[in-house]
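These notes are about the structure you will find just below.
The values are calculated or read from the model by the stated rules, or taken from the named source; none is laboratory data. Since we're looking at a predicted model, the values are computed, not measured. Note that we place each Cβ from the backbone using ideal geometry, even for glycine, and neighbour counts take in every protein chain shown.
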Amino acid sequence: MKLFDTIDKIKFEGPDSDNSLAFKYYNPDQIVAGKPMKEHLRFAMSYWHTLTGDGSDPFGAATMERPWNELDGIEQAKLRADIGFEFMEKLGMEYFCFHDLDIAPEGKNLKEKHANLDIIVDYIEELMKKTGIKCLWGTTNAFTHPRFVHGASTSPNADVFAYAAAQVKKAMEITMRLGGENYVFWGGREGYETLLNTNTELELDNLARFLQMAVDYKEKIGFTGQLLIEPKPKEPTKHQYDFDTATVLGFLRKYNLQDHFKLNIEANHATLAMHTFDHELNMCRINGALGSIDANQGDLLLGWDTDQFPTNIYDAVLAMIEVLKNGGIAPGGLNFDSKVRRGSFEPVDLFYGYIAGMDTFARGLIIADNLIKDGVFDNFTKERYASYETGIGKQIINKEVGFEELENYALGLGDIKNTSGRQELLENILNQYIYR
Ligand code: XLS
Ligand code: CA
Ligand code: CA
């Protein structure tokens, strides 16, 4: 069965096209900053939002028209995979990301779950061979089932810790089998609601023990993919342990795990943490920890994770500046952890969502490259810090002075002069590059 019989492969038609099923800016082979756009962007489809999401919310039932939802079990999982690969082929999407639970039914017990996974992984492997589509990352869902009510590796129940370990073991094995380039840890319910019943010290130690076991197992089986932690400040728990980049880096360093993990930064999680997307990317980049990106956007008027398709060009430009300065995002990529709104329930809406996201980041890449090539902000910033290139500034950098020498120096200073930061000028230039 094909779902999208009436939709052809989505082509690049340029900014003047009025075909809503064509790319205006995403031209996969167009060379930008020395390599094809598709190699910069490494777009991926999220299996969950695209194929398993049904549009239900706390106030209402499923709305999505998804023919595979009339089936169940393995048959449903196979049809989902068929349609997912048809969808990716039509979009020219080269990667996908998945949770174990997205691709195969849960089953009655762990044994059955593993058996279901084996059947579907065989099936997906064939589709990958046929289409050339690759796996960007795999992960496990250790938050939906009621057994994870109090968390997975941070649950007070050691049996749950063990069960989660078994799940990650299997999910890492299948990610490796599918040639996945990364494996993601998002702390689904790794957090807490109240200190009245929580031993945070033990929970954090256990989280670290769990991650160390994952590192050990990765080495044991020879999985060469990159391990990633995805920060999020809240939701589903009130205090998620992986709050933001700074928190995760501190945690990794405390437990001596920093050499084994990079971060997967999601735009909507950044704004939930009251940071901008580019702030989180920048904090990763300057710490050598930028691993991959979950491309989406939140709604600034809503306090939860809305996972909308990214259409904000301003944010995309600032994000792509960080990616370019990072020397690229590979082996990570841009995974659209994005879902169509509940009211956008027709299958074609999935195309509109992805086209919008892909065009936004393609345009963002081009503008970011122009800004970097012209040295717009870099030249200004370099000049702004010029006082550290000579004299006392250089001595500070070279660690040649301490408080006493600086006091002597400061005593000899007259009125200190500062220069304008010119924020409004720079914002206007940024707009000019976006409008062009
Ligand atoms: C949820 C997260 C999740 C991770 C993968 O908010 O974004 O989807 O990306 O488990
Ligand atoms: Ca995510
Ligand atoms: Ca999210």
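Among the residues of the stretch 1-23, how many are assigned to a loop (DSSP other than H, G, I, E, B), in contact with a Lys or Arg (Cβ under 8 Å, 6 or more places away or on another chain) and touching a residue at least 24 places away in the same chain (Cβ under 8 Å)?
Residues flagged as assigned to a loop (DSSP other than H, G, I, E, B), in contact with a Lys or Arg (Cβ under 8 Å, 6 or more places away or on another chain) and touching a residue at least 24 places away in the same chain (Cβ under 8 Å) within the stretch 1-23 amount to 5.
Which of the residues spanning the stretch 168-219 are in contact (Cβ under 8 Å) with a residue 60 or more places away in the chain and either loosely packed, with under 14 Cβ neighbours inside 10 Å or of a type in the set (Gly, Ala, Ser) (or both)?
ALA171
Residues being over 19 Å from the mean Cα position of the chain (by Cα) and either in a helix (DSSP H, G or I) or closer than 15 Å to ALA104 by Cβ (or both): count how many of those fall in the stretch 123-144.
The total comes to 10.
Quick check on the stretch 49-75: of everything there that is in contact (Cβ under 8 Å) with a residue 12 or more places away in the chain, over 19 Å from LEU101 (Cβ atoms) and part of a loop (DSSP other than H, G, I, E, B), which residue is nearest to ligand 2 (Cβ to nearest atom)?
Restricting to residues being in contact (Cβ under 8 Å) with a residue 12 or more places away in the chain, over 19 Å from LEU101 (Cβ atoms) and part of a loop (DSSP other than H, G, I, E, B), the top hit is THR63.
Considering GLY328, GLY364, which residue is touching an Asp or Glu at 6+ places or on another chain (Cβ under 9 Å), part of a loop (DSSP other than H, G, I, E, B) and touching a residue at least 12 places away in the same chain (Cβ under 8 Å)?
Among GLY328, GLY364, only GLY328 is touching an Asp or Glu at 6+ places or on another chain (Cβ under 9 Å), part of a loop (DSSP other than H, G, I, E, B) and touching a residue at least 12 places away in the same chain (Cβ under 8 Å).
Looking only at the stretch 304-341, count how many residues are within 14 Å of ligand 1 (Cβ to nearest atom) and of a type in the set (Gly, Ala, Ser).
Counting residues in the stretch 304-341 that are within 14 Å of ligand 1 (Cβ to nearest atom) and of a type in the set (Gly, Ala, Ser) gives 3.
Going residue by residue through the stretch 301-313, is there one that turns out to be out of contact with any Phe, Trp or Tyr (no Cβ under 6 Å at 6 or more places or on another chain), assigned to a helix (DSSP H, G or I) and more than 23 Å from LYS24 (Cα to Cα)?
Checking the stretch 301-313: not a single residue is out of contact with any Phe, Trp or Tyr (no Cβ under 6 Å at 6 or more places or on another chain), assigned to a helix (DSSP H, G or I) and more than 23 Å from LYS24 (Cα to Cα).
Sort out which residues of the stretch 36-48 are in contact (Cβ under 8 Å) with a residue 24 or more places away in the chain and part of a strand (DSSP E or B), and write them in order of number.
The first filter runs over the stretch 36-48 and keeps only residues in contact (Cβ under 8 Å) with a residue 24 or more places away in the chain, leaving 37-48.
Matches in the stretch 36-48: PHE43, ALA44, MET45, SER46.
Which numbered condition in (1) part of a helix (DSSP H, G or I); (2) modelled with pLDDT under 95 is the only one that GLY188 fails?
It fails just one condition, (1).
Applying the selection to the stretch 374-422, what residues are over 20 Å from LYS325 (Cβ atoms) and of a type in the set (S, T, N, Q)?
Residues satisfying the conditions are SER387, THR390, GLN395, ASN398, ASN408, ASN418, THR419, SER420.
For the stretch 49-59, state whether one or more residues are among the hydrophobic types (A, V, I, L, M, F, W, C), within 26 Å of PRO236 (Cβ to Cβ) and crowded, with 20+ Cβ neighbours inside 10 Å.
Yes; the residues of the stretch 49-59 include at least one that is among the hydrophobic types (A, V, I, L, M, F, W, C), within 26 Å of PRO236 (Cβ to Cβ) and crowded, with 20+ Cβ neighbours inside 10 Å.
Per-residue answers, yes or no, for (1) under 29 Å from PRO146 (Cα atoms); (2) more than 16 Å from ligand 2 (Cβ to nearest atom); (3) aliphatic (A, V, I, L, M); (4) surrounded by 22 or more Cβ atoms within 10 Å (Cβ to Cβ):
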| site | (1), (2), (3), (4) |
| --- | --- |
| ILE221 | no, yes, yes, no |
| LEU227 | yes, no, yes, no |
| LYS234 | yes, no, no, no |
| GLN240 | yes, no, no, yes |
| ARG253 | no, yes, no, no |
| ASN256 | no, yes, no, no |
| HIS260 | no, yes, no, no |
| ILE265 | yes, no, yes, yes |
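If ILE293 meets every condition in (1) without any contact (Cβ under 8 Å) to a residue 60 or more places away in the chain; (2) more than 13 Å from the chain's Cα centre (by Cα); (3) within 16 Å of ligand 1 (Cβ to nearest atom) apart from one, which number is that one?
(2)
Condition first: in a loop (DSSP other than H, G, I, E, B) and of a type outside the set (A, V, I, L, M, F, W, C). Now tell me which residues in the stretch 24-35 satisfy that.
Matches in the stretch 24-35: LYS24, TYR25, TYR26, ASN27, PRO28, ASP29, GLN30, GLY34.
Quick one: count up the residues across the stretch 258-272 that are within 12 Å of ligand 3 (Cβ to nearest atom) and not in a helix (DSSP H, G or I).
The total comes to 3.
Out of ASP374, ASP305, ASP299, report the one residue that is modelled with pLDDT of 95 or more and surrounded by 14 or more Cβ atoms within 10 Å (Cβ to Cβ).
Values: ASP374 fails: surrounded by 14 or more Cβ atoms within 10 Å (Cβ to Cβ); ASP299 fails: surrounded by 14 or more Cβ atoms within 10 Å (Cβ to Cβ).
Going through ASP374, ASP305, ASP299 in turn, the sole match is ASP305.
Checking the condition among the small types (Gly, Ala, Ser) and crowded, with 16+ Cβ neighbours inside 10 Å, which residue from ALA386, ALA362 passes?
Testing whether each residue is among the small types (Gly, Ala, Ser) and crowded, with 16+ Cβ neighbours inside 10 Å leaves just ALA362.
With the structure loaded, tell me whether ARG189 is within 23 Å of the chain's Cα centre (by Cα), more than 16 Å from ligand 3 (Cβ to nearest atom) and basic (Lys, Arg) or whether it fails that test.
Numbers: within 23 Å of the chain's Cα centre (by Cα): yes; more than 16 Å from ligand 3 (Cβ to nearest atom): no; basic (Lys, Arg): yes.
It is false that ARG189 is within 23 Å of the chain's Cα centre (by Cα), more than 16 Å from ligand 3 (Cβ to nearest atom) and basic (Lys, Arg).
Give PHE223, PHE210, PHE251 a once-over and let me know the one that is part of a helix (DSSP H, G or I), more than 16 Å from ligand 1 (Cβ to nearest atom), farther than 30 Å from PRO58 by Cα and among the aromatic types (Phe, Trp, Tyr).
After applying the criteria, what remains is PHE251.
Going through the stretch 320-342 one residue at a time, which ones are among the small types (Gly, Ala, Ser) and touching a helix residue (DSSP H, G or I) at 6+ places or on another chain (Cβ under 9 Å)?
Result: GLY328, ALA330, GLY333, SER338.
Filter the stretch 198-217 for residues that are among the polar types (S, T, N, Q) and over 24 Å from the mean Cα position of the chain (by Cα) and give the result.
THR198, ASN199, THR200, ASN206
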